[in-house]
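Chemist: Below you'll find the structure I mean.
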Amino acid sequence: MTAETLQVPGASLYYEVRGSGPVLLMIPGGPMDADGFKDIADRPADTYTVVTYDCRGNSRSPMQGSWDDLTVALFADDARRLLDAVSTDQADVLGSSGGATYALDLVARYPGRVRTLVAHEPPASELLPEAARTSRAAPQPARAVPAATAGSAAIPTGSPPGSGQCSRTAAQGSPAGSPGLGAPRP
């Protein structure tokens, strides 16, 4: 594992690289940093270049400016800059929790950079129809879901590596009748 830093506008991003092969970028959410992936990052390193990092303002990635300036788009731009620094090819991306929202924005705005996205437990209730967000109905009993799919979605972008093309449906990831991530809000 090698540790490096990348200078981006308003911050210095700490990141770690393991292995070799196609890039697998792991985007942490919330207070998690690159160390949050340390138990799993070595596993795919025999076939992937695994990149983990600390988001701006967190842990070893100091930032300038106000916390109020932090947006999903800014974190997604940081992820794209990091991808650009390690490879020009499309990457596979795993985003966890808040990192999944950054990854969804990344694929919506930079579809040519992402081959496959796994969005693990994104806190994206604003994408749900209004009734689902405000329903006071009694909770439904839990049902078993295989661990590999619980709370996550693998979104193949539908294009071969290096093609720079992405399926619009996969990139937007939006339910029927709702705006995509890149669409302006009504």
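The values are calculated or read from the model by the stated rules, or taken from the named source; none is laboratory data. The structure displayed is predicted, hence computed values, not measured ones. Using ideal geometry, Cβ is built from the backbone for each residue, glycine included, and neighbour counts are taken over all protein chains shown.
Chemist: For S96, state whether it is on the phi > 0 side of the Ramachandran plot, touching a strand residue (DSSP E or B) at 6+ places or on another chain (Cβ under 8 Å) and in contact (Cβ under 8 Å) with a residue 12 or more places away in the chain.
Modeler: Numbers: on the phi > 0 side of the Ramachandran plot: no; touching a strand residue (DSSP E or B) at 6+ places or on another chain (Cβ under 8 Å): yes; in contact (Cβ under 8 Å) with a residue 12 or more places away in the chain: yes.
In short, no.
Chemist: I need the full set of residues from the range 103-132 which are at pLDDT 90 or above and assigned to a helix (DSSP H, G or I), in order please.
Modeler: A103, L104, D105, L106, V107, A108, R109, P111, G112, R113
Chemist: Among the numbered conditions (1) without any contact (Cβ under 8 Å) to a residue 40 or more places away in the chain; (2) out of contact with any strand residue (DSSP E or B) (no Cβ under 7 Å at 6 or more places or on another chain); (3) within 24 Å of R109 (Cα to Cα), tell me where G30 comes up short.
Modeler: Answer for G30: the failing condition is (1).
Chemist: Within the range 14-31, count every residue that is within 13 Å of the chain's Cα centre (by Cα) and either part of a helix (DSSP H, G or I) or buried (at least 18 other Cβ atoms within 10 Å of the Cβ) (or both). Explain how you work it out, then say what you get.
Modeler: Of the range 14-31, the ones within 13 Å of the chain's Cα centre (by Cα) are 24-30.
Okay, now just the ones that are also either part of a helix (DSSP H, G or I) or buried (at least 18 other Cβ atoms within 10 Å of the Cβ) (or both), so 24-29.
Residues in the range 14-31 being within 13 Å of the chain's Cα centre (by Cα) and either part of a helix (DSSP H, G or I) or buried (at least 18 other Cβ atoms within 10 Å of the Cβ) (or both): 6 in total.
Chemist: Evaluate the following for L83: is it touching a strand residue (DSSP E or B) at 6+ places or on another chain (Cβ under 8 Å), at pLDDT 95 or above, surrounded by fewer than 22 Cβ atoms within 10 Å (Cβ to Cβ) and in a helix (DSSP H, G or I)?
Modeler: yes
Chemist: Next question, about the same structure. Of all residues being within 21 Å of L117 (Cβ to Cβ) and in contact with a Gly (Cβ under 9 Å, 6 or more places away or on another chain) in the range 60-80, which is surrounded by the most Cβ atoms within 10 Å (Cβ to Cβ)? Just the residue, please.
Modeler: Here the answer is A79.
Chemist: Need the failing condition index for Y102 against (1) under 11 Å from the mean Cα position of the chain (by Cα); (2) surrounded by fewer than 21 Cβ atoms within 10 Å (Cβ to Cβ); (3) of a type in the set (F, W, Y), just the number.
Modeler: Result: Y102 passes all but (2).
Chemist: Got a number for residues in the range 32-59 being of a type in the set (D, E) and surrounded by 18 or more Cβ atoms within 10 Å (Cβ to Cβ)?
Modeler: 2
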